[in-house]
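Structure first, then comments.
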Amino acid sequence: MKQWGRAALVVAAPLLLGGCGKQSPLSPKSPSSHDIAVLWWWMLGVAAIVFFGAVALLVIGWVRRDRPGLPFFGERESVNVGLVITFGMVIPVVVLVALFGISDLWLVTKTGAPAKGSTAMTIRVIGHQWFWEVRYPGTSAVTANEIHVPARTRVQVVATTADVIHSFWVPQLNRKIDTIPGRTNRVLLYADEPGVYRGQCAEFCGLQHAHMAMKVFAQPRKEFQTWLKGQEKPADTPATAEQREGRQLFLQNSCAGCHTIRGTSAQGDLGPDLTHVGSRTTLGALILPNDPRALERWIHDPQSIKPGAKMPALDLSNADFKAIGSYLDHLR
Ligand SMILES: [Cu+2]
């Protein structure tokens, strides 16, 4: 009995999660997502009619199996050609052509790359194994995994990849687009309301694919402008002796070869830009909430938190990690 309960849960989980979670295309928060959700419900409705229609015909056939006298489709036992053509060919062709027309010709075009000049701003998103680099063209701001945009504003996302194919998907805001080596894809990001919208890489891209999440913070315009101004600035200088020590250690060790901290000599580009890492709410593409302890844990042993991540554990003392953590936390 217990196994059946568990099996039912496994089957039902995607439905429950897909239906009510924060990251669901069925709780749309933009016109594009709204259209996608409406299409989804229509498809479900049409598919349900077809499915239950077929089941009903099966049941009728079964009930009448040894009783030719029962009424319904007449007495004849010969093949009803009209019925076969109507239900077997005409209806399926009409239904499939209509759904194809609505979904692929109309909706895919409508939710596709925004027309030139129709957006108020552009951001660049670059997929990496396993985090998202986010750039604001025209400014020096670079961040990771947490994308800030003004709410009720048409934002063009220009998506590329630094390595393999990823797929950028924030279900409540729009459909997904793949990031493909050598290609540039675009999608519109628009949020009806200020809020936080979770997204996820939607194309298997290696070991930590499932932990390649992102958050879109749609903010009132003023708040967004303030945030952007803050992110454009170079990193704060250390405020305490420990933080000074932390910065020294960061620059001396291989951290600086993989990470950029603007305003210092650290110019690496394999890992996330850390200029304002302390201002993020999460670390490691949403795997940890960002607080001083989590930061220290991460830099001490990223492999125990995100096995396979492209950041090695360095051989430093606990005091050194603590100092680096304190410095990074200070970078707001
Ligand atoms: Cu990915």
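Grab the DSSP H runs of the chain that are 4 residues or longer, score each as -39,500 (n - 2.57), total them, divide by all residues and round the 222 nm result to the nearest 500 deg cm²/dmol.
When only DSSP H runs of four or more count, the value is -11500 deg cm²/dmol.
Could you tell me which helices of the chain pass both thresholds, a Cα extent of 30 Å or more along their own axis and a mean Kyte-Doolittle hydropathy of at least 1.0, with helices taken as whole DSSP H runs?
31-63
Using a Cα-Cα cut-off of under 26 Å, which lysines could be cross-linked to residue 306, ignoring same-chain neighbours fewer than 8 residues away?
22, 176, 215, 322
For the chain, build the charge dipole from Cβ charges (+1 Lys, Arg; -1 Asp, Glu) around the Cα centre, then report which of 264, 214, 127 sits farthest towards its positive end.
After comparing all options, I get 214.
Sort the following peptides by mean Cβ neighbour count (other Cβ atoms within 10 Å, averaged over residues), highest first: 305-311, 144-150.
144-150, 305-311
According to the Cα gyration tensor, what semi-axes, each the square root of 5 times an eigenvalue, does the equivalent ellipsoid of the range 172-247 have, listed from largest to smallest in whole Å?
Listed largest to smallest, the semi-axes of the range 172-247 are 31, 21, 13 Å.
Can you tell me the Rg and Dmax of the range 233-332, counting just the alpha carbons, in angstroms?
Calculated on Cα positions, Rg and Dmax stand at 12.1, 34 Å.
Restricting everything to alpha-carbon atoms, can you work out Rg to Rh for the chain with a Kirkwood hydrodynamic radius?
My calculation puts Rg/Rh at 1.15.
Roughly how many debye, to the nearest 20, is the charge dipole of the chain about its Cα centre, given +1 on each Lys and Arg Cβ, -1 on each Asp and Glu Cβ, and no other charges?
Roughly 620 debye for the chain.
Mind ordering 152-159, 82-89, 225-232 by average Cβ neighbours within 10 Å, highest first?
With the highest mean Cβ count within 10 Å placed first, the list reads 152-159, 225-232, 82-89.
Once you wrap a convex hull around the alpha carbon atoms of the range 121-232, what is its projected area averaged over all directions, in nm²?
Over all viewing directions, the range 121-232 projects a mean Cα-hull area of 6.1 nm².
What residue among 37, 47, 115 shows peak mean-square fluctuation when the chain is described by a Gaussian network model with Cα springs under 10 Å?
47
Read-outs: derived from the displayed coordinates by stated rules, not from any lab. This is a predicted model, so every value here is computed, not measured. Because the Cβ atoms are built from the backbone with ideal geometry, glycine has one as well, and the counts that use them run over all protein chains shown.
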